[in-house]
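The values are calculated or read from the model by the stated rules, or taken from the named source; none is laboratory data. The structure displayed is predicted, hence computed values, not measured ones. Cβ placement follows ideal geometry from the backbone for every residue including glycine, while neighbour counts extend to all protein chains displayed.
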Amino acid sequence: MNLKKYTFTIFLIFISFLLLVLTFNRLIDPYGLYENPRVNNLNMDKPIFEKHIRMAKAFAVKDKKPNAVILGSSKAEFGFDPDSEFFENYSTYNLGLPGPNLYELYRYFQHANYIKNQKKILLFLDFYMFNASVENKVDFDERNLSVSFDGKPQYTTGNKLALLTSLDALIGSINTIKLQNTIHYKYLQNGMRERHHMQERVDKEGGHRKLFSKKENTFINKLYRNYKFSNEKIKTWDIYKKILTRSYEKNTDLHIAIPPMHLVQMKAISTTDNWSNFEIWKSKLVNENERIAKLYNQTPFPIWDFSVVNQITLEKLPPINKPNNKMKWWWDTHFKSEIGDLILDVMLSNHDNKEIGVMINSNNIDEHLYNIKNDFLISVSKKH
């Protein structure tokens, strides 16, 4: 065999192998990039999607081009259905992310708006997000996003074709098959976490109380630790103003909400001496929204507070000697999607439901904060 034939043969083998890998990865679709049929025991579950969630959701927005998104933390992923009546007549994607700080949330807000101007956005804001001490997650990569922080188009790393021919994708496809029917977070094609798989995970982890304890430690020792609204790297209020300003300029139908917070999480805020910051945060969310609305001569975006003290947020944890008892409303500090459905119904009605949450503004914020603190102190005194 002469050199030319040898080189050509090697080239054909390489191309054939590449096509084989591409076809296999396209079929298994480990990152959930395509509307492939999902087959039981083959690729129904997407455990690798979870491990590459920030990359996968950035690609999903580019591919699906929704005109409405849900933004927030994993509470938003767990709780809010893009197919809800709240998003009727919109093509909606749940762009919630596990544990983002406000900078990350804003970058995905920019990314979604660059891909397609968002007509409607449901923005869930958690108190910890405004802690400038909370770093970006290790899997956050600016290169996955289509626009820079300064609003300039930027080249994103690779594309779907390049991704599907990668060794990582091949390993991901193999692991997707191997990990079918194992316990992991499961995602739907609309970006929401699947509603019912969590009970199996809760049981495996030792029950609700144990998971609550883990989350409580995370809040106390990490998310609420050294709480500052700004530092030398970031000014969180400037980021919030950018979200508002862009939304008013583009006439986005923006709805802002503070998600429910179990008493365990409220106690963590108090334990870390952050209650005053908690109240400052809510007040400033309202004041900045109304200030910027006035600059644009528009009605302020609605801000809903569902982090109130009620029968849902006061649900008792299972007794220590009965760890397998089930909770009605909560998995851990993540609430079940049934609460998300109630919240969307309240927001859709556009009327306060004091059993669930209220719309806050400069006229009622002081009384509202007083009531929450008073209810919290009463609840703590009863040793829930």
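Inspection of the range 235-257 finds no residue satisfying the criterion of being in contact with a helix residue (DSSP H, G or I) (Cβ under 6 Å, 6 or more places away or on another chain) and small (Gly, Ala, Ser).
Every residue, every condition in (1) more than 30 Å from Pro318 (Cα to Cα); (2) in a helix (DSSP H, G or I), yes or no:
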| residue | (1), (2) |
| --- | --- |
| Asn175 | yes, yes |
| Asn190 | yes, no |
| Lys215 | no, yes |
| Thr218 | no, yes |
| Asn226 | yes, no |
| Glu232 | yes, no |
| Lys242 | yes, yes |
| Thr245 | yes, yes |
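Taken over the range 347-367, the criterion of being within 23 Å of Trp281 (Cα to Cα), under 22 Å from the mean Cα position of the chain (by Cα) and assigned to a helix (DSSP H, G or I) is satisfied by Met347 alone. Scanning the range 98-117 for residues that are over 16 Å from Gly151 (Cβ atoms) and small (Gly, Ala, Ser) turns up just one, Gly99.
Within the span defined as the range 7-27, one or more residues are crowded, with 22+ Cβ neighbours inside 10 Å, farther than 30 Å from Ile343 by Cα and not hydroxyl-bearing (Ser, Thr, Tyr).
Take the residues in the range 127-166 that are more than 30 Å from Thr333 (Cα to Cα) and of a type in the set (A, V, I, L, M), then tell me which one is nearest to the chain's Cα centre (by Cα). Show your work before the answer.
Kept after step one, since they are more than 30 Å from Thr333 (Cα to Cα), are these residues of the range 127-166: 143, 146-166.
Of the ones still in play, those that are also of a type in the set (A, V, I, L, M) are 147, 161-164.
Working: Val147: 20, Leu161: 27, Ala162: 27, Leu163: 24, Leu164: 26 Å.
Across the range 127-166, the extreme among qualifying residues is Val147.
Among the residues of the range 36-53, those that are part of a loop (DSSP other than H, G, I, E, B) and either in contact (Cβ under 8 Å) with a residue 12 or more places away in the chain or among the polar types (S, T, N, Q) (or both) comprise Asn36, Asn40, Asn41, Leu42, Asn43, Met44, Asp45, Lys46, His52.
Of the residues Phe24, Phe8, Phe14, Phe49, the single one that is aromatic (Phe, Trp, Tyr) and either in contact with a Gly (Cβ under 8 Å, 6 or more places away or on another chain) or on the phi > 0 side of the Ramachandran plot (or both) is Phe49. Exactly one residue among Gly151, Gly172, Gly207 is closer than 24 Å to Lys64 by Cβ, surrounded by 15 or more Cβ atoms within 10 Å (Cβ to Cβ) and of a type outside the set (D, E, K, R), and that residue is Gly172. For the range 62-80, filtered to residues that are part of a helix (DSSP H, G or I) and either among the aromatic types (Phe, Trp, Tyr) or over 14 Å from the mean Cα position of the chain (by Cα) (or both), the residue that is surrounded by the fewest Cβ atoms within 10 Å (Cβ to Cβ) is Asp63.
The residue of the range 137-163 that is modelled with the lowest pLDDT, among those that are within 18 Å of Lys116 (Cβ to Cβ) and either of a type in the set (Asp, Glu) or part of a helix (DSSP H, G or I) (or both), is Lys160. A count restricted to the range 310-346 and to residues that are assigned to a loop (DSSP other than H, G, I, E, B), surrounded by fewer than 20 Cβ atoms within 10 Å (Cβ to Cβ) and in contact with a Ser or Thr (Cβ under 8 Å, 6 or more places away or on another chain) stands at 1. Let me confirm something: among Asn297, Asn289, which residue is surrounded by fewer than 18 Cβ atoms within 10 Å (Cβ to Cβ) and either in a helix (DSSP H, G or I) or not charged (D, E, K, R) (or both)? Every option except Asn297 fails the conditions.
Here is a yes/no grid of residues against (1) in contact (Cβ under 8 Å) with a residue 60 or more places away in the chain; (2) more than 23 Å from Met261 (Cα to Cα):
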| site | (1), (2) |
| --- | --- |
| Glu135 | no, no |
| Ser146 | yes, yes |
| Leu167 | no, yes |
| Thr176 | yes, yes |
| Gln189 | yes, yes |
| Glu205 | no, no |
| Ile220 | no, no |
| Tyr227 | yes, no |
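Residues in the range 164-223 that are at pLDDT below 95 and of a type in the set (Ser, Thr, Tyr): Thr165, Ser166, Ser173, Thr176, Thr182, Tyr185, Tyr187. With respect to the conditions (1) in contact with a Pro (Cβ under 6 Å, 6 or more places away or on another chain); (2) surrounded by fewer than 23 Cβ atoms within 10 Å (Cβ to Cβ); (3) of a type in the set (A, V, I, L, M, F, W, C), Val138 lacks only one, and its number is (1). For beta carbons closer than 7 Å, sequence separation of 6+ or different chains, a first residue in the range 338-352 that is of a type outside the set (Gly, Ala, Ser) and a second that is part of a helix (DSSP H, G or I), the qualifying pairs are Ile339/Gly79; Leu344/Phe86; Met347/Phe86; Leu348/Glu85; Leu348/Phe86.
Count of the range 29-58 residues, restricted to those that are modelled with pLDDT of 90 or more and either touching a helix residue (DSSP H, G or I) at 6+ places or on another chain (Cβ under 7 Å) or of a type in the set (D, E, K, R) (or both), is 5.
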